[in-house]
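Chemist: First the structure, then my questions, so here it is.
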Amino acid sequence: MVSRTSTSAPDPRWKSRAAGGVALVLFVLVLARGVFQATRAPALNWDMLPAMALALEWSEKDELEVHRRTYAAVRAELPPAAVAELTAPGVKQGRAQDPAAFHEHLPFYRARVLYTLAIAALHGLGAPLTAATWWIPIASYVATAALVLCWCARRLGLALGALFALALAETPALLTQARFSTADGLATLLVVAAGYLFVERRRFWPAAALLTLSLGARPDGVILIGFLAAAAWLGLEREERPRPGALAGWLGASALVYLGLTRFAGEYGWWPLVSISFDEKTLHPAALPTAVDWGHYFEILGRQLAALPGDGYVSTGREVSGSTLVFVYAGVAVLGLARAWRAGAGAGRAAALLAALLAAYSARWFLFPQVWDRFYAPFYALVPLCVLSTFAWCAACERGATVAPENPLGSS
């Protein structure tokens, strides 16, 4: 009797899986390194003080007590050099010494309710009040990077997707947001999540809900909502296009959320924000005129436009705060739109989002003519991802598929 030993052929996918595992480990390690650096050296920007005060304001209504507790936390929890910078002579010192003047600045920040509620929750759990202001941006950065990884791995496979996602996670705009005590990182996370649902999962209404929710982090996201509604109506195929009544309802609901947030915040309006940002800081912003001086606005616009491109970098004080890299990404967005136009139906969702991003962030520049990276982070994150989805769909079409498969460039 002859015994036969059956040998199974080695799984040809092991190399791809091994490469994916190595790339994933690299992604995690480099991301962890960036998080460690951000935690060790947060920006300690002045915006953290209004965030702290507004977090306290959810449970403490006495303005004097809110002011006292805010600055007491600053002095107790931050190094002396940071305290000196946050209370430097001039407007900062005036805010530290005059509770009424300090509270005049809070309307510029009060509408960021998701951010300040999160700070209040962390502080209630025992987190230092100052640290809570940058823990949320760092956590948002990690969640955004994980979402970018899911998007890239879906289209490129785990190995190549993890490497591409890692490159996107190292975008200066995202790294800047992770270090700054602002609501910008949280807003970016919600907008990128909405983009993923809209483009990759083909779920318009969950994406729409997230975009409306993002207004609680940055109310100016209403601009993107308006342009995306228009792009969805004009750019999607009839069977995918939301009904006009439903789109109008979404726009109306988002407008109500925006107006409700600005009313709750007690905001002074657009022109005082422009004045305090581009003329000079003032101790009493409530005294600024609210009527728009169009001649001065066009003077500011011309001055900001004349400063571009400069050496390609935009500095605020001692720090580089932005760059003309936004024009490169705009060019990439146009490339994606051109590819989608040639492909015709099917790439419509990515193309609609690209068109909305281009229109929204162009309009945003005219409303606030400054190319600060932390304001454009959703643009920097979503443009390459949308172009990736567009080219993936086009590659599938060229192979005769009717729906773009996941991982069109190889298996993982």
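The values are calculated or read from the model by the stated rules, or taken from the named source; none is laboratory data. Small disclaimer: the values here were computed from a predicted structure and weren't measured. Positions of Cβ are backbone-derived with ideal geometry, glycine not excepted, and every protein chain shown enters the neighbour counts.
Chemist: Tally up the residues in region 206-218 that are hydrophobic (A, V, I, L, M, F, W, C), touching a residue at least 24 places away in the same chain (Cβ under 8 Å) and assigned to a helix (DSSP H, G or I), please. Spell out how you get there, then give the answer.
Modeler: Step one: filter region 206-218 for residues hydrophobic (A, V, I, L, M, F, W, C), giving 207-211, 213, 215, 217.
Remaining after also requiring touching a residue at least 24 places away in the same chain (Cβ under 8 Å): 208, 211, 213, 215, 217.
Now restrict to residues that are assigned to a helix (DSSP H, G or I): 208, 211, 213.
Of the residues in that region, 3 qualify.
Chemist: Could you tell me which residue of region 48-65 is surrounded by the fewest Cβ atoms within 10 Å (Cβ to Cβ), considering only residues that are closer than 22 Å to residue 180 by Cβ and either in contact with a Phe, Trp or Tyr (Cβ under 7 Å, 6 or more places away or on another chain) or modelled with pLDDT under 95 (or both)? Give the steps one after another, and end with the answer.
Modeler: Of region 48-65, the ones closer than 22 Å to residue 180 by Cβ are 48-58.
Pick out the ones that are also either in contact with a Phe, Trp or Tyr (Cβ under 7 Å, 6 or more places away or on another chain) or modelled with pLDDT under 95 (or both) and you get 50-51, 54.
Values: 50: 25, 51: 27, 54: 23.
Across region 48-65, the extreme among qualifying residues is 54.
Chemist: Does residue 314 satisfy being of a type in the set (Val, Ile, Thr), surrounded by 17 or more Cβ atoms within 10 Å (Cβ to Cβ), in contact with a Gly (Cβ under 6 Å, 6 or more places away or on another chain) and within 21 Å of residue 182 (Cβ to Cβ)? Before the answer, list the steps.
Modeler: Values: of a type in the set (Val, Ile, Thr): yes; surrounded by 17 or more Cβ atoms within 10 Å (Cβ to Cβ): yes; in contact with a Gly (Cβ under 6 Å, 6 or more places away or on another chain): yes; within 21 Å of residue 182 (Cβ to Cβ): yes.
Answer is yes for this residue.
Chemist: If you check every pair at least six apart or on different chains, which have Cβ atoms under 7 Å apart with a residue in region 94-110 that is over 18 Å from residue 269 (Cβ atoms) and touching a residue at least 24 places away in the same chain (Cβ under 8 Å) first and a residue that is assigned to a loop (DSSP other than H, G, I, E, B) and β-branched (Val, Ile, Thr) second?
Modeler: If the second residue must be assigned to a loop (DSSP other than H, G, I, E, B) and β-branched (Val, Ile, Thr), the pairs left are 96/87.
Chemist: May I pose another question? Among the residues of region 227-261, which ones are in contact (Cβ under 8 Å) with a residue 60 or more places away in the chain and either assigned to a loop (DSSP other than H, G, I, E, B) or surrounded by 17 or more Cβ atoms within 10 Å (Cβ to Cβ) (or both)?
Modeler: The answer is 227, 228, 231, 232, 235, 236, 237, 240, 261.
Chemist: Another question, then. Pick from region 309-351 the residues that are in a loop (DSSP other than H, G, I, E, B) and under 11 Å from residue 393 (Cβ atoms): which of them is modelled with the highest pLDDT? Spell out the reasoning first.
Modeler: Step one: list which residues in region 309-351 are in a loop (DSSP other than H, G, I, E, B), which gives 309-312, 317-318, 324, 344-347.
If we keep only those that are under 11 Å from residue 393 (Cβ atoms) too, we end up with 344-347.
Working: 344: 59, 345: 53, 346: 53, 347: 64.
Only one residue tops the list, namely 347.
Chemist: Does residue 208 satisfy being at pLDDT 95 or above, touching a Pro at 6+ places or on another chain (Cβ under 9 Å) and within 28 Å of residue 265 (Cα to Cα)? If you could, list the steps in order and put the result at the bottom.
Modeler: Working: at pLDDT 95 or above: yes; touching a Pro at 6+ places or on another chain (Cβ under 9 Å): yes; within 28 Å of residue 265 (Cα to Cα): yes.
Yes; evaluated as a whole, the condition is true for this residue.
Chemist: Does residue 369 satisfy the condition of being under 30 Å from residue 45 (Cβ atoms), modelled with pLDDT of 85 or more and in a helix (DSSP H, G or I)?
Modeler: On the way: under 30 Å from residue 45 (Cβ atoms): yes; modelled with pLDDT of 85 or more: yes; in a helix (DSSP H, G or I): no.
So residue 369 fails the test.
Chemist: From (1) within 25 Å of the chain's Cα centre (by Cα); (2) under 20 Å from residue 100 (Cα atoms); (3) without any contact (Cβ under 8 Å) to a residue 40 or more places away in the chain, pick out the condition that doesn't hold for residue 268.
Modeler: All conditions are met except number (3).
Chemist: Something else about it: Among the residues of region 264-275, which ones are surrounded by 17 or more Cβ atoms within 10 Å (Cβ to Cβ) and within 17 Å of residue 112 (Cβ to Cβ)?
Modeler: Our first condition is that a residue be surrounded by 17 or more Cβ atoms within 10 Å (Cβ to Cβ); within region 264-275, this holds for 265, 267-268, 271-275.
Passing the criteria: 265, 267, 268, 273.
Chemist: What's the number of the condition residue 137 fails, among (1) more than 29 Å from the chain's Cα centre (by Cα); (2) within 30 Å of residue 33 (Cβ to Cβ)?
Modeler: (1)
Chemist: Now, a different point. Please list, ordered by first then second residue, the pairs with beta carbon atoms under 8 Å, 6 or more apart or interchain, first in region 118-130 and farther than 13 Å from residue 50 by Cβ, second loosely packed, with under 14 Cβ neighbours inside 10 Å and not charged (D, E, K, R).
Modeler: 120/59
Chemist: Right, something else. Given the options 182, 176, name the one that is under 21 Å from residue 319 (Cβ atoms), crowded, with 21+ Cβ neighbours inside 10 Å and modelled with pLDDT under 95. Can you show your working first?
Modeler: On the way: 182 fails: modelled with pLDDT under 95.
From the options 182, 176, the qualifying one is 176.
Residue-by-condition table, conditions (1) assigned to a loop (DSSP other than H, G, I, E, B); (2) farther than 20 Å from residue 118 by Cα:
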| site | (1), (2) |
| --- | --- |
| 38 | no, no |
| 42 | yes, no |
| 55 | no, no |
| 61 | yes, no |
| 65 | no, yes |
| 71 | no, no |
| 74 | no, no |
| 82 | no, yes |
| 85 | no, yes |
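Chemist: Would region 280-292 turn up any residue that is modelled with pLDDT under 95 and assigned to a strand (DSSP E or B)?
Modeler: The answer is no, given that none of the residues of region 280-292 is modelled with pLDDT under 95 and assigned to a strand (DSSP E or B).
Chemist: Ok, one more. Is it the case that residue 162 is modelled with pLDDT of 95 or more, of a type in the set (A, V, I, L, M, F, W, C) and not in a helix (DSSP H, G or I)?
Modeler: For residue 162, the condition - modelled with pLDDT of 95 or more, of a type in the set (A, V, I, L, M, F, W, C) and not in a helix (DSSP H, G or I) - is not met.
Chemist: Provide a single number: the residues in region 147-176 that are under 18 Å from residue 329 (Cα atoms) and touching a residue at least 12 places away in the same chain (Cβ under 8 Å).
Modeler: Keep residues of region 147-176 that are under 18 Å from residue 329 (Cα atoms), which gives 148, 152, 164-176.
The next check asks that each one be touching a residue at least 12 places away in the same chain (Cβ under 8 Å); those that pass are 148, 152, 164-166, 168-176.
The number of residues fulfilling the criteria is 14.
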